[in-house]
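For reference, the structure discussed in these notes is given below.
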Amino acid sequence: MLLMRLIICIFSLVYHLYLWWSRCIAWALLYVFYIVNVVNTLLRRRGRNGPLDVFVVGGGIAGCLAARDIADRGFSNGLRLKVTLVDPKTYFEYTPSVLRAIVDLREASTILMPYAASGLPSAGVQVRQACVTRVDPTAKTIQYTDAVGHYECGFDYALLSHGVPYAESSIRDWTSQTVEDRRCALEAENTLMTNAQCIVLAGGGATGVELAAELATGLRPLEGGRTRRLVLVCSADRLLHCSPPFAGRYVLRWLERRGVEVILGDSVQDVAASPTGPKKTVLQLRSGRQLECDVYRLCAMRNGDGLDGLPSSKNGVLVNEFLQVKGQGTVFAAGDAVEPLQVCGYGCARCGKSAYLAENTACVAAKNMVRVIKGRQQDLLRFPGTAARRLPTMESVSLGRWDGVLILNNLVVPGVASALVKGFIKYSKMDDLHGGLVGRVLWVILDTVSPYIGRLVPVYEPELKPQNG
């Protein structure tokens, strides 16, 4: 018995010594790798007088992802970069879910996030609240206005992702500077919609369809048993004219079953005050028909890039195949700020304005900028060129909370699956931008897999017709 106890004691001592030495060796290896990485970074930084100033204009999906990606890639490559995100607001807004937040105010808490609470500060990105008015790529200067005054500063590299304003500020608000201001604006829009007896929406794209669906399913009934009239005017011969025809037919049947009056092949030509009341509006349609309503909303983007000093068309900034601003090697553009015909790859201007393409252009522009800084101009990625043709055309149009259509190239998946996918995209993307590990890993996997999924489904080529919304 004594011998057995002695053997057990010796075995226990050897086991604990093994654990202790293995931990010491593991920690020593970690410290060695850390010291080697620090020395390597310092050697790469040797010879630079100071950090390079990189400005990212615009704090939407493309701007936030690009700023974080540039900062991360610059650090991992041993580059001294001072990345600054310039935006008029102090918060990030997940714009694909704004239409639901207009009807359901509780949704605002899930789509509004202050930049200070995002993952940008931890990535080394500085956020400056200001409104950029002019970018001079030749002189490498940016002019901006903040609460104090008007300023001009220089930059080494810049990425433009300032987006495109909507005709209605309630959809994409550039005036609300804080989260509280945006909540108040959404609450005012909700009150206006709730008390309206007739609402007319112009635009048969994804924005008009989603807003009509949210209003049809989410607004409280009028008091006194009065009925609310909801009209959707579309200039095309079908809804969702850039998507496969089945998607438009499904959406049309869904809206009509819920009492939405859909007018196809017509457009609003003139807006005037009604003589019957100060809060009424009279709309003159192209067909000669007149509509009197309490609320009129144009669900379409305004033309113009919003910044002076840039080569641009009426739809956005002109870029080359590497997403560099035409004629400039140190200024890039991404997201909705880019001329859509140059990044869509399918010849439809409306298809180029989507969150999916904005994210991919931001990723490619960030990679190309870092490669230019490192002097690897020969390794720049082309977009669209070899990139956009591999990317699937993806869009999820929600019809209320529990229905919708999911579009992947020529494949249309209607029903509750689309609504669940859109909800998953929102929550995972917000977690990713918040700095969450789960959202970051999920989107790395999804962005890697999506091009291969897109190759399995034939591409839908939209008909090229002039559209209004």
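The values are calculated or read from the model by the stated rules, or taken from the named source; none is laboratory data. Everything quoted here is computed from the prediction, not taken from an experiment. In this analysis, Cβ positions are derived from the backbone assuming ideal geometry, glycine residues included, and neighbour counts consider all displayed protein chains. Just so you know, the surface numbers come from the protein's heavy atoms only, side chains and all, with ligands and any DNA or RNA stripped out. Shrake-Rupley method; radii C 1.70, N 1.55, O 1.52, S 1.80 Å.
Can you pull out every residue in the stretch 103-123 that is surrounded by fewer than 19 Cβ atoms within 10 Å (Cβ to Cβ), over 24 Å from Gln324 (Cβ atoms) and out of contact with any strand residue (DSSP E or B) (no Cβ under 6 Å at 6 or more places or on another chain)?
The first filter runs over the stretch 103-123 and keeps only residues surrounded by fewer than 19 Cβ atoms within 10 Å (Cβ to Cβ), leaving 104-106, 109-110, 114, 116-117, 121-123.
Cutting the leftovers down to over 24 Å from Gln324 (Cβ atoms) gives us 104-106, 109-110, 114, 116-117, 121-122.
Scanning the stretch 103-123 gives Asp104, Leu105, Arg106, Ser109, Thr110, Ala116, Ala117, Pro121, Ser122.
Among the numbered criteria (1) out of contact with any strand residue (DSSP E or B) (no Cβ under 8 Å at 6 or more places or on another chain); (2) open to solvent by 80 Å² or more (accessible area, probe 1.4 Å); (3) at pLDDT 80 or above; (4) of a type outside the set (Phe, Trp, Tyr), which one does Lys426 miss?
(2)
Identify, by number, the condition in (1) under 23 Å from the mean Cα position of the chain (by Cα); (2) among the polar types (S, T, N, Q); (3) surrounded by fewer than 15 Cβ atoms within 10 Å (Cβ to Cβ) that Thr207 doesn't meet.
(3)
Being among the small types (Gly, Ala, Ser) and closer than 17 Å to Ser109 by Cα is the filter; apply it to the stretch 179-204 and report the residue that is least open to solvent (accessible area, probe 1.4 Å). Even if it seems obvious, please write down each step before you answer.
So in the stretch 179-204, the residues among the small types (Gly, Ala, Ser) come out as 185, 188, 196, 202-204.
Still in the running and closer than 17 Å to Ser109 by Cα: 185, 188.
Working: Ala185: 37, Ala188: 63 Å².
Out of the qualifying residues, it is Ala185.
A quick yes/no check of all residues on (1) open to solvent by 20 Å² or more (accessible area, probe 1.4 Å); (2) at pLDDT below 80:
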position	(1), (2)
Val260	no, no
Pro275	yes, yes
Ser287	yes, no
Leu291	no, no
Arg297	yes, no
Gly304	yes, yes
Ser313	yes, yes
Gly316	no, yes
Leu323	no, no
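Can you tell me which residues in the stretch 284-297 are out of contact with any helix residue (DSSP H, G or I) (no Cβ under 9 Å at 6 or more places or on another chain) and either among the basic types (Lys, Arg) or more than 15 Å from Met193 (Cβ to Cβ) (or both)?
The initial filter retains those residues of the stretch 284-297 that are out of contact with any helix residue (DSSP H, G or I) (no Cβ under 9 Å at 6 or more places or on another chain), namely 284-293, 296.
Gln284, Leu285, Arg286, Ser287, Gly288, Arg289, Gln290, Leu291, Glu292, listed by residue number.
Residue-by-condition table, conditions (1) closer than 30 Å to Glu210 by Cα; (2) assigned to a loop (DSSP other than H, G, I, E, B):
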residue	(1), (2)
Ile102	yes, no
Arg106	yes, no
Thr110	yes, no
Val132	no, no
Ala158	no, no
Ile171	yes, yes
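Pick out the one residue from Tyr151, Tyr144, Tyr157, Tyr115 that is among the aromatic types (Phe, Trp, Tyr) and under 21 Å from the mean Cα position of the chain (by Cα). Outline the logic, then answer.
Values: Tyr151 fails: under 21 Å from the mean Cα position of the chain (by Cα); Tyr144 fails: under 21 Å from the mean Cα position of the chain (by Cα); Tyr157 fails: under 21 Å from the mean Cα position of the chain (by Cα).
Result: Tyr115 is the single residue among Tyr151, Tyr144, Tyr157, Tyr115 that is among the aromatic types (Phe, Trp, Tyr) and under 21 Å from the mean Cα position of the chain (by Cα).
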